[in-house]
Amino acid sequence: MSQARAPNRAADARQVIDAAIDHAAAYGLNSLTMRDLALAVGKSTTVIVNLFGAKSGLIQAVGEEALRRDAAFHDRFFQSVTGLPLSRDSLLATARHYLHLRASDASGFARIWEALLIDSEVSAERQDLIRRWAAMRKGAWRDHLSANPRLADFADPLVEWTTLEQFYAGALQGRLDYEVIATEGLRGLIDRAFGLPDGPATATFWYRDNLVLPQAPAAGLEPESMRLKLLDIAADQILARGVAALTNRSVSQVAGTSTSTIAYHWPDMRRFVLDAVWHSVFRDMPRYLAGQRPEGDPSAVDLDSWARIMAPTISIQPEAEGFYVRYVRLIASVCMEARGDPSLQDLAMLLRGPEGGGTYYNSAGVWPADLDLNRLAATRFAIWIKAAALMSCATGVPLSTAGLQASALQLVARKA
């Protein structure tokens, strides 16, 4: 290649990557096509293919640029609070502001990471990229927290918490009910980091007391009914690839029916998608926690028996993918769609509001009796394990039993 062409090639690549990030931030990474980019930058698709090869090469390049921008974001963010004493209130304000900035429409690079985290097309290159991204974030927070020796080890759970909370924040920004619950939960996480006792979960219990869950879409359906068959197929596709992957055609082809079948059973596709999302929630809720409860005296439960129950929920093996891996992918995809579709915001809020409810209300005989699994501790653990499952799947690094147990002890205090 001539020296004259090299700068032009680099400039063309940067123009395409910038356009790709802008498009993905506005419409989602899944909707990105070579044709869209060619129109946006005024070049042929051949030029883009010559620059990046297949679409996977383009996505990798977009991810690398998003990592560069995100690293710069962290540098600017923490420089703005250099020397700030690490009190409980200052750390709470810092973490809340961090979430607000990352959830804003201006942070297009953050939308790239959200899409990559739930993308089912995982390659070794992609896994390496996400590992480097996670390491960058944890390193930035660890440097910030190192001013207080008590907090240095809390960078990992804080980053994992914000990884999932960022999805919710993007979908629910501006909603007061979300803000009060999210702040209460984050305050509980930070209190735990400082070794402070948990306060009352006032906002969380308020939301639960006023919560009205919809009826399970499959309630009353015959096991062999076409309506249930369509819901099951749609739920499988949502849990595997997210809400955006669900189409009339994708469901009809698996069901072996015409595309008019869904219209026969539902008034419109939007109603079907909502029912399918709720079906996946109701159908796959971890009732196995009750089925796997150890027999005998609940007070004899220890961390080893607890880990044997929890380990299958975070499995990233394709043939035995754990509940939390599938469920967090559903949550994340609903939140991403809700950014541009207000009709999904109430659903996103229903998913966020009761976070940790199943952990809290089903703890007897599962959690060791000497752990203080109060309502805020249950929320801490529930958000952490979902985020950890998502990161484990995206990076290809399974969570070890020892790591699972250590995180439980870090997030949940022992009773006095």
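The values are calculated or read from the model by the stated rules, or taken from the named source; none is laboratory data. Computed from a predicted structure; not experimentally measured. Counting neighbours? That spans all protein chains shown, and the Cβs are built from the backbone with ideal geometry, glycine included. Protein only, heavy atoms only, side chains kept; ligands, DNA and RNA dropped before computing areas. Shrake-Rupley method; radii C 1.70, N 1.55, O 1.52, S 1.80 Å.
Quick look at the values:
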{"read-out": "Evaluation of residue 54 against (1) within 30 Å of residue 97 (Cβ to Cβ); (2) surrounded by fewer than 12 Cβ atoms within 10 Å (Cβ to Cβ) (one fails), failing number", "value": "(1)"}
{"read-out": "Residues (closer than 24 Å to residue 186 by Cβ, out of contact with any Leu (no Cβ under 8 Å at 6 or more places or on another chain), among the small types (Gly, Ala, Ser) and in contact (Cβ under 8 Å) with a residue 24 or more places away in the chain) located in segment 117-158", "value": "134, 140"}
{"read-out": "Checking residue 257 against (1) among the β-branched types (Val, Ile, Thr); (2) open to solvent by 50 Å² or more (accessible area, probe 1.4 Å); (3) more than 24 Å from residue 379 (Cβ to Cβ), the condition it does not meet", "value": "(2)"}
{"read-out": "Some residue of segment 207-214 being aliphatic (A, V, I, L, M), surrounded by fewer than 18 Cβ atoms within 10 Å (Cβ to Cβ) and touching a residue at least 60 places away in the same chain (Cβ under 8 Å)", "value": "yes"}
{"read-out": "Filter result for the condition that a residue is open to solvent by less than 40 Å² (accessible area, probe 1.4 Å), on the phi < 0 side of the Ramachandran plot and without any contact (Cβ under 8 Å) to a residue 40 or more places away in the chain, over 219, 203", "value": "203"}
{"read-out": "Cross-chain or 6+ apart pairs with Cβ under 6 Å, segment 101-116 first and open to solvent by less than 20 Å² (accessible area, probe 1.4 Å), then part of a loop (DSSP other than H, G, I, E, B)", "value": "103/173"}
{"read-out": "Candidate set from segment 170-199 (those that are assigned to a helix (DSSP H, G or I) and free of Cβ contacts under 8 Å to residues at least 60 places away in the same chain); member that is most open to solvent (accessible area, probe 1.4 Å)", "value": "176"}
{"read-out": "The one condition in (1) open to solvent by less than 50 Å² (accessible area, probe 1.4 Å); (2) at pLDDT 95 or above that residue 281 fails to fulfil", "value": "(2)"}
{"read-out": "Entirely in segment 200-261, the helices (runs of 4 or more DSSP H) that have 3 or more residues that are farther than 25 Å from residue 353 by Cα", "value": "226-241, 248-255"}
{"read-out": "Residue selected from segment 82-118 under the condition farther than 24 Å from residue 22 by Cβ and among the β-branched types (Val, Ile, Thr), by the criterion modelled with the highest pLDDT", "value": "94"}
{"read-out": "Selected residue (only one of 20, 38, 10 is of a type outside the set (Lys, Arg) and in contact (Cβ under 8 Å) with a residue 24 or more places away in the chain)", "value": "20"}
{"read-out": "Condition check for residue 166: polar (S, T, N, Q), open to solvent by 30 Å² or more (accessible area, probe 1.4 Å) and over 23 Å from residue 409 (Cβ atoms)", "value": "no"}
{"read-out": "Selection from segment 293-325 of residues that are under 18 Å from residue 236 (Cα atoms) and either in a loop (DSSP other than H, G, I, E, B) or open to solvent by 50 Å² or more (accessible area, probe 1.4 Å) (or both)", "value": "315, 316, 317, 318, 319, 320, 321, 322"}
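Let's see how each residue does on (1) farther than 22 Å from residue 332 by Cα; (2) modelled with pLDDT under 95; (3) acidic (Asp, Glu):
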{"position": "209", "(1), (2), (3)": "yes, yes, yes"}
{"position": "213", "(1), (2), (3)": "no, yes, no"}
{"position": "218", "(1), (2), (3)": "yes, yes, no"}
{"position": "228", "(1), (2), (3)": "yes, no, no"}
{"position": "235", "(1), (2), (3)": "no, yes, no"}
{"position": "240", "(1), (2), (3)": "no, yes, no"}
{"position": "255", "(1), (2), (3)": "yes, no, no"}
{"position": "259", "(1), (2), (3)": "yes, yes, no"}
{"position": "269", "(1), (2), (3)": "no, yes, no"}
